[in-house]
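In what follows, a single structure is set out as structure tokens and then discussed.
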Amino acid sequence: MNNNKIMKLLDLRRVDVGEIKPSELENGVEYLGRLAIPGLFCDIYSYNEFYYDEATGDSLPYLDTNCAILQSANESNYMLHGAVTYIDAKTGEYVTEMNEFVPRTWSEIDPPIKYVSVSSRPCPMPVDLQSWAVLKEVI
């Protein structure tokens with residue numbers, strides 16, 4: 001809506017170029033709408049989740065704000081998850097878990113703080129590498 005070039009392109013009377021109809025989905029995904037391309041439709045989604053970078057202490061977006069991922073809806077793709085390794089607070093030993101999400105809790109006595117952490121190592125796996133592309137510097 002804030003991009004004048006796109007708004008000008010969408011300012012056509014009686015021409016179905018798609019619709020902008022935002023709605024929130026699960027896990028940080030938002031459906032933005034559909035563009036009609038001659039012979040095709042392109043559904044547009046946004047992913048606005050962040051992660052905590054322990055090295056810098058910053059919250060960073062999972063996806064660069066100036067990139068877009070194009071993927072064919074006709075291809076089967078998978079989301080795999082890598083193992084999560086951490087140091088167990090009780091034993092001081094390294095622990096590796098292989099789950100989609102690895103929840104952990106630990107606490108400190110002084111000051112009295114309880115920590116909760118959920119770690120995940122998602123890795124999208126396309127079946128056909130030609131069925132998707134990552135575009136940088138889109139806007």
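Scan A36, A89 and give me the residue that is at pLDDT below 85, assigned to a strand (DSSP E or B) and surrounded by 10 or more Cβ atoms within 10 Å (Cβ to Cβ).
The conditions single out A36.
Among the residues of region 104-124 satisfying the criterion of being surrounded by 11 or more Cβ atoms within 10 Å (Cβ to Cβ) and not charged (D, E, K, R), which is farthest from Y51 (Cα to Cα)?
W106
For L70, indicate whether it is modelled with pLDDT of 85 or more, under 15 Å from the mean Cα position of the chain (by Cα) and hydrophobic (A, V, I, L, M, F, W, C).
So L70 does not fit the description; no.
Among the residues of region 1-28, write down those that are part of a loop (DSSP other than H, G, I, E, B), open to solvent by less than 60 Å² (accessible area, probe 1.4 Å) and either at pLDDT 80 or above or farther than 24 Å from N74 by Cβ (or both).
N3, G28
Have a look at Y31, Y51 and point out the one that is under 17 Å from V118 (Cα atoms), surrounded by 12 or more Cβ atoms within 10 Å (Cβ to Cβ), without any contact (Cβ under 8 Å) to a residue 60 or more places away in the chain and under 14 Å from the mean Cα position of the chain (by Cα).
The unique qualifying residue is Y51.
Cβ-Cβ under 7 Å, sequence separation 6+ or interchain: first residue in region 2-14 and among the hydrophobic types (A, V, I, L, M, F, W, C), partner open to solvent by less than 90 Å² (accessible area, probe 1.4 Å) and at pLDDT below 70. Which pairs?
Every condition considered, no pair remains.
The values are calculated or read from the model by the stated rules, or taken from the named source; none is laboratory data. All values reported here derive from a predicted model rather than from experimental measurement. All Cβ positions, even for glycine, are placed from backbone atoms using ideal geometry, and neighbour counts span all protein chains on display. Areas reflect the complete protein model, heavy atoms only, side chains present, ligands, DNA and RNA absent. Shrake-Rupley method; radii C 1.70, N 1.55, O 1.52, S 1.80 Å.
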